[in-house]
1. Wholly within the stretch 1-112, which strands (runs of 3 or more DSSP E) include no fewer than the required count, namely at least 1 residues that are over 20 Å from GLY259 (Cα atoms)?
2. Please count how many residues of the stretch 334-369 are open to solvent by 50 Å² or more (accessible area, probe 1.4 Å) and of a type outside the set (A, V, I, L, M, F, W, C).
3. Considering only the stretch 366-377, I want to know if a residue exists there that is modelled with pLDDT of 95 or more and near the ligand (Cβ under 10 Å from one of its atoms).
4. Please go through the stretch 395-447 and give me each residue that is within 16 Å of the ligand (Cβ to nearest atom), among the polar types (S, T, N, Q) and over 31 Å from the mean Cα position of the chain (by Cα), ordered by number.
5. Sort out which residues of the stretch 468-484 are among the charged types (D, E, K, R) and under 19 Å from ASP418 (Cβ atoms), and write them in order of number.
6. Which ones in the stretch 148-176 are under 28 Å from the mean Cα position of the chain (by Cα), within 26 Å of GLU264 (Cβ to Cβ) and not in a helix (DSSP H, G or I)?
7. For the stretch 471-495, give me each residue that is touching a residue at least 12 places away in the same chain (Cβ under 8 Å) and part of a helix (DSSP H, G or I).
8. Which pairs have Cβ atoms under 7 Å, sit 6 or more apart or on different chains, and link a residue in the stretch 343-364 that is of a type in the set (S, T, N, Q) to one that is in a helix (DSSP H, G or I)?
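The values are calculated or read from the model by the stated rules, or taken from the named source; none is laboratory data. In this text the structure is predicted, and so the values were computed from the model without any measurement. Reconstructed Cβ throughout: ideal geometry from the backbone, glycine too, with neighbour counts over all protein chains shown. To get the accessible areas, we keep the full protein, side chains included, count just its heavy atoms, and leave off ligands, DNA and RNA. Shrake-Rupley method; radii C 1.70, N 1.55, O 1.52, S 1.80 Å.
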Amino acid sequence: MTKYIFITGGVMSGLGKGMVTCSIGKMLQSRGFTVSAVKCDPYLNVDAGTMNPYIHGEVFVLDDGYEADMDLGAYERFLGIELTRLNNITSGQVYQDIIRRERQGGYLGRCVQIIPHVTDEIKRRIRLVASKTGVDVLLIESGGTVGDIEGLPFLEAFRQMRLEERRGDTLLVHVTLVPVLDAVGEPKTKPTQHSVKELRSIGLQPDIIVARCEAGPLQREQREKIALYCNVEERAVFSSINVNPIYKLPLVLEEQGMGDLLCEYLGLIRRNAEWSEWRRMVERFETPKETVRIAMCGKYAGLADCYVSVNEALRHAAAASGCRAEISWIEAELFEEDPSRVEILSDYDGVLVPGGFGERGTEGKIRAIEYCRTRDIPFLGICYGLQLSIVEISRHLLNLQGAHTTECDPKTPHPVIDLLPEQKGLTDMGGTMRLGSLPVKIKPGTIAHRLYGSELIHERHRHRWEVNPAYWEMLEEAGVVFSGWSPDGKRVEIIELPRNLFFMATQFHPEFKSRPWSPSPPYYGFVKASLENKLKERKR
Ligand code: GLN
């Protein structure tokens with residue numbers, strides 16, 4: 001029988017509710033319990049696939065090709081589990097299903113309503129994950145903030161489930177903010193009180209409160225106050241503080257006694273928590289011997305969340321290499337205005353061009369790739385980064401003037417990157433890219449083979465364009481090694497330039513499968529080479 005922990009957020013977004021959810025999962029796992037996590041997103045999009053990552057954060061791709069909210073990425077990275085499309089419930093999916101059923105006559109004679117039809121569908125989907133996974137505890141995080149109109153049906157569904165499940169089999173954890181105003185310097189508990197009042201007005205009483213406090217852990221006095229006004233035990237008020245690396249948060253909450261309290265409240269057998277391996281992993285992040293400076297070169301990304309998985313993959317690879325990755329974002333358009341500015345890349349130990357869409361900034365990225373290739377600066381290209389490497393090499397090594405991807409220039413004389421054949425004529429934008437985990441055959445004797453240590457791997461994809469087969473031969477003659485292929489030999493998956501210290505690009509997104517204890521091979525190879533590059537520079 002699965003038990004349920006609901007996680008809601010109060011006061012405002014961006015409090016690290018997802019990180020608290022991950023930490024709860026980790027505390028349970030460290031006691032030998034199995035967990036899975038569901039994210040409920042109240043927006044009307046069916047999935048995150050069509051949303052702008054510069055506004056909503058990264059689109060995280062699952063094995064099954066589902067384009068998920070980025071919190072699912074955090075769940076996978078912390079908990080070491082693989083999720084499916086069932087783990088992300090959006091209002092869009094729920095309404096789409098209900099309206100389809102209504103048109104088919106599934107509700108004949110009845111008026112279809114938010115309660116019970118929408119809430120029933122939400123509960124059905126949550127319980128489906130419990131029954132499919134059979135985990136001991138299922139975590140259900142609701143997106144948004146308590147008080148949002150669109151989030152209400154989800155919270156109502158949680159309320160109903162708490163009544164329907166056996167008493168003691170569900171738990172509600174509320175994550176709030178305790179701000180400290182500079183002028184007074186005193187932590188303020190009022191916003192927390194208000195958000196709990198809001199929750200209680202819709203019939204939800206939290207069992208545990210996790211307060212995000214940037215100024216350091218809450219004092220006894222504030223915990224007592226929150227307990228009294230929010231109707232929870234004082235020992236059920238926890239502090240979520242800023243930690244680096246983020247993988248320390250479960251340890252911080254564990255030290256406050258949260259793991260044992262979760263078990264006690266849920267009536268789980270009290271077991272000792274085993275943290276030694278996790279601690280060792282965290283230590284690797286905390287004791288770097290070197291720093292590698294990595295330039296991420298792309299379209300301006302004001303939102304740090306836009307490339308979380310890439311950033312994390314770099315950090316995982318760095319920790320595994322005994323160093324720390326200092327990641328700087330470089331706006332590619334700078335090199336378009338003044339091509340000589342590309343010289344700033346020589347200040348970095350390695351350059352990464354991440355995935356992307358559309359024309360803006362592409363010429364700047366191509367310039368950056370050319371600089372790395374000709375100056376032998378370690379380079380990793382991801383997806384669009386691979387495609388633009390092929391454009392760069394075609395223009396400058398093969399002398400194919402005007403070579404481009406048809407994504408940017410449909411009339412290019414040399415469409416070295418072209419739409420996948422199965423993409424031609426598609427009209428729907430949602431969920432129609434080449435998506436998810438697909439097998440990739442690795443060519444023996446290549447860098448990719450050395451890094452993966454295998455001739456068959458699986459990585460996650462999200463693209464519509466590919467290397468045009470008409471140019472394969474020319475590219476190979478110019479020294480490009482296609483070290484990864486789709487098993488049918490129809491798709492290029494990895495390219496490398498063995499002449500360089502490290503020049504590799506992948507059509508897939510290896511960052512999605514990177515874990516803090518097991519870095520993604522291409523990222524690991526890239527960071528290692530960047531470190532080598534740095535040490536070589538120092539000798540000079
Ligand atoms: N825009 C390119 C494509 O669709 C690359 C996509 C990406 O980088 N994820 O193929």
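1. Details: elements: 3-9, 35-41, 88-90.
Fully inside the stretch 1-112 and qualifying: 35-41, 88-90.
2. 13
3. Going residue by residue through the stretch 366-377, those that are modelled with pLDDT of 95 or more are 366-377.
Applying the additional criterion that residues be near the ligand (Cβ under 10 Å from one of its atoms) yields none.
Scanning the stretch 366-377, I find no residue that is modelled with pLDDT of 95 or more and near the ligand (Cβ under 10 Å from one of its atoms), so the answer is no.
4. Result: THR412, single match.
5. Residues satisfying the conditions are GLU473, GLU476.
6. THR170, LEU171, LEU172, VAL173, HIS174, VAL175, THR176 - these are the residues of the stretch 148-176 that are under 28 Å from the mean Cα position of the chain (by Cα), within 26 Å of GLU264 (Cβ to Cβ) and not in a helix (DSSP H, G or I).
7. Listed by number, the residues that qualify are TYR471, TRP472, MET474, LEU475.
8. Short answer, once both residue conditions are applied: SER346/ARG375; THR362/LEU388.
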